[in-house]
1. Rounded to the nearest 0.05, what FRET efficiency is calculated for Glu79 and Glu325 with R0 set to 51 Å and r the Cβ-Cβ distance?
2. Computed from these coordinates, which is Rg and Dmax of the Cα atoms in Å: [x] 19.2, 57; [y] 22.1, 83; [z] 19.6, 61?
3. Who wins for biggest fluctuation among Thr170, Thr336, Thr108 in a Gaussian network model of the chain, springs between alpha carbons below 10 Å?
4. Report the full-extension gain for the segment Leu332 to Tyr225: residue separation times 0.36 nm, less the Cα-Cα distance, to one decimal in nm.
5. Quick one: which of 346-353, 225-232 comes out on top by average Cβ neighbours within 10 Å, and what's the full order, highest first?
6. Lysines within cross-link reach of Lys180: Cα-Cα under 16 Å, excluding same-chain residues under 8 positions apart?
7. Indicate, rounded to the nearest 5 percent, the antiparallel portion of the DSSP beta bridges found entirely in the chain.
8. Calculate, in nm to one decimal, what Asn216 and Leu43 gain on full extension: separation in residues at 0.36 nm each, minus their alpha carbon distance.
Amino acid sequence: MQKLLYKTYNRKKVLITGDTGFKGSWLAIWLKQLGAEVYGYALPPKRKEDNYANCKLQEKIHHLNGDIRDLNKLKNYFEDVEPEFAFHLAAQPIVLESYKNPHYTFETNIMGTVNFFEVVRNTPSVKVAVNITSDKCYKNNECVLGYKENDPMGGKDPYSASKGCSELITNSYNNSFFNKNLHCSIASARAGNVIGGGDWADYRIIPDFFRAIKKNEKLIIRNPYATRPWQYVLEPLSGYLHLASKLYSDGNKYSGGWNFGPLGQVNYKVSELIEAIIKYYGKGNVVFDRSSEKLYEANVLNLDISKAMRFLEWKPVLSFEELVEYTVEGYLVESTESDIYEERVKQIENYCLSAKAKIFTFDEVNI
């Protein structure tokens, strides 16, 4: 995997919006290891514990503090950098936060996408642009079957609706501009419920769990029986990198939307995930509470990843047990004297070795 991706990204300029976020910071580390010259554009990290800050990424990549809603600042940065690849991850990423501040959520996630593609289409150096959205972009009817890329967009809560809109915007720009302009190919990548070390965002189950551990408090789980396509952070990132590599080599053949998630049998309930983490970690105190009034969140959410498996020759690598192990170890290392950046690099290397050891078979997908 590393050799294949190295050929694509080595000595290339790659710009990431949202590089100070959880997935964005991990993507920056991986691209750095692939020999890319990495540039970031995002708001400053919110916490000193955030992966970007803990890994001291400000010393290892180029970065400009900026709001994705600021079109002129974003445009000037693209013009200065002249990147060949652009990944769009800047967003308001929290469902419950979208209920508290819907205007900011819609403005950031919708107009942020518009700003990104406006800048990309007017920057001749960009050959590939990938918009990272969410599994929650789909119109969710609580269907147990996985959603396919051509299923309707939707979303009942502000966050999900904003991500559905982001997908529609991507499709519109592709059909209106990019499929007629050979200088750049674009796509969208849909994944969600991504976990791993370095994520300390509010209203997320795993960060909430480790915060409760630090404070020696009980964690109340509001929706224990919800089923989610849990993924370790490197799984979807490998998909994004493979997708962009295909776009770079074969152009518009790979445009459109792509799902990245676990194999069908790796969709677990919230309660099952937390219980597995407690078992591996050796401690933790949680209460599963369904009695209090809750804001709307889907109970069932699955993705069909057969398109990515068949056409990108991508597949998830980690079992559920390995997902738990990678996640817990990613948090544990933050409480040691280790170089966090180097520990993240080691996890990437171990993940790539695991991928190399596993033979791809399309029949493994369970849909």
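All of the numbers you see were taken from the coordinates with simple rules; none came from a lab. Quantities reported herein were computed from a predicted structural model and do not represent experimental measurements. Heads up, the Cβs are rebuilt from the backbone with ideal geometry, glycines too, and the neighbour counts pull from every protein chain shown.
1. Details: r = 44 Å, r/R0 = 0.86.
That gives a FRET efficiency of 0.70.
2. [x]
3. In the Gaussian network model the winner is Thr336.
4. Numbers: separation 107, 0.36 × 107 = 38.52 nm, distance 2.66 nm.
Full-extension gain reported as 35.9 nm.
5. Values: 346-353: 17.2, 225-232: 21.8.
My ranking of the peptides, most packed first, is 225-232, 346-353.
6. List returned: Lys127, Lys253.
7. Working: 3 of 36 bridges.
If I count the DSSP bridges inside the chain, around 10 percent turn out antiparallel.
8. Numbers: separation 173, 0.36 × 173 = 62.28 nm, distance 3.11 nm.
My answer for the length gained is 59.2 nm.
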